[in-house]
Ligand code: SAH
Ligand code: SF4
């Protein structure tokens, strides 16, 4: 990945192996330039004056009862972002990364949306979240096996940096995470989905749909006014055809808003071509006007979808006690 450190080393006429030394040291746990002892001392000092070794630095951490870890990280210009490491069986960990410091799309149910727009993160800032998490997992005798772009921000509004970071996560010289274990989640930013169709790493695509008709969806997610359901599903179908993988449809169940049996039938009618898999998501409180659906309504909704042949998965919430669950990330 070409980034600030590599361009500085090049500009200073340093040989190419210097960058490898820096990358090796970062992987071996170096936190500051002075820890990169393979570099000459004066070069370390000069670098320390102009660029941080890590583009993000952990400045607070919380651990949930279920083992989920949430970090608050600072960028070099002082922005706070969050990433969340979720614990699974057999030493596997999933990292939820942020792609922007805030989000301009303003979905009504989302804490990040309430922060408003922030800047795009750089490829280095995104990849560093994963490298730091991989390190933390290793120290717990675990392995970072999955990365999901479900932290703060809309990844498909920041495709150049997101794609570069994915290349590093996927590359055998980086973290070696398989394409099917990396998921990009979008609120339906159609030009970004089109760019994903042309991207060489066939990652998983998740679409946050959350409603089965345009009126309901536009009320929840203003982005739907720009790209209504039919347009965004058409773009997702192109992605499914290009990768041969089903697109995940994320559907947040909100009591009395989008969770009636009729909603379920309407949803099923639009997703019946075998290119989609539905994940029903539990709502995490963000202090707004919404309430999650009761277990009874969740069951009814799920049965309607199954009757239509869609067989949804139920996504349990993790890390809610430390505000690390989906939609709860905001720089508090
Ligand atoms: N911007 C992208 C990715 C970040 S949001 C997107 O919207 O898809 C990651 C996921 O969290 C999305 O599916 C989003 O709809 C969901 N989400 C947002 N607020 C939530 C909440 N309060 N409870 C549960 N999920 C939420
Ligand atoms: Fe942005 Fe996703 Fe939150 Fe919507 S749900 S405001 S797109 S982060």
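The values are calculated or read from the model by the stated rules, or taken from the named source; none is laboratory data. Note that the structure is a prediction, hence the values are computed from the model and not measured. Reconstructed Cβ throughout: ideal geometry from the backbone, glycine too, with neighbour counts over all protein chains shown.
Considering only region 193-205, I want to know if a residue exists there that is away from ligand 1 (no atom under 16 Å from the Cβ), part of a strand (DSSP E or B) and in contact (Cβ under 8 Å) with a residue 40 or more places away in the chain.
No, region 193-205 contains no residue that is away from ligand 1 (no atom under 16 Å from the Cβ), part of a strand (DSSP E or B) and in contact (Cβ under 8 Å) with a residue 40 or more places away in the chain.
How many residues does region 77-130 hold that are touching a residue at least 12 places away in the same chain (Cβ under 8 Å) and either within 28 Å of residue 226 (Cα to Cα) or within 15 Å of ligand 1 (Cβ to nearest atom) (or both)?
36
Which count do you get for residues in region 36-55 that are assigned to a helix (DSSP H, G or I) and surrounded by 14 or more Cβ atoms within 10 Å (Cβ to Cβ)?
Selection size over region 36-55: 5.
Return only the number of the condition from (1) in contact with a helix residue (DSSP H, G or I) (Cβ under 8 Å, 6 or more places away or on another chain); (2) part of a helix (DSSP H, G or I); (3) farther than 17 Å from residue 125 by Cα that residue 62 does not satisfy.
(2)
Going through 279, 258 one at a time, which residue ends up being in a loop (DSSP other than H, G, I, E, B) and modelled with pLDDT of 95 or more?
Residue meeting the stated conditions: 258.
Which is in the same structural domain as residue 212 (by TED's automatic domain parsing) and at pLDDT below 95, of 265, 316?
Result of the check over 265, 316: 316.
Under the condition of being surrounded by fewer than 21 Cβ atoms within 10 Å (Cβ to Cβ) and assigned to a loop (DSSP other than H, G, I, E, B), which residue from region 176-188 is farthest from ligand 2 (Cβ to nearest atom)?
Going through the qualifying residues, I end up with 176.
Could you check how many residues of region 135-148 are outside any loop (DSSP other than H, G, I, E, B), at pLDDT 95 or above and away from ligand 1 (no atom under 13 Å from the Cβ)?
4
Looking at (1) closer than 20 Å to residue 185 by Cβ; (2) buried (at least 20 other Cβ atoms within 10 Å of the Cβ); (3) touching a helix residue (DSSP H, G or I) at 6+ places or on another chain (Cβ under 7 Å), can you tell me which one residue 228 breaks?
(2)
Could we say that residue 112 is away from ligand 2 (no atom under 16 Å from the Cβ), buried (at least 18 other Cβ atoms within 10 Å of the Cβ) and more than 23 Å from residue 25 (Cα to Cα) here?
Judged against the criteria, residue 112 is not a match.
Could you tell me whether any residue of region 120-134 is within 12 Å of ligand 2 (Cβ to nearest atom), closer than 30 Å to residue 7 by Cα and in a loop (DSSP other than H, G, I, E, B)?
No, region 120-134 contains no residue that is within 12 Å of ligand 2 (Cβ to nearest atom), closer than 30 Å to residue 7 by Cα and in a loop (DSSP other than H, G, I, E, B).
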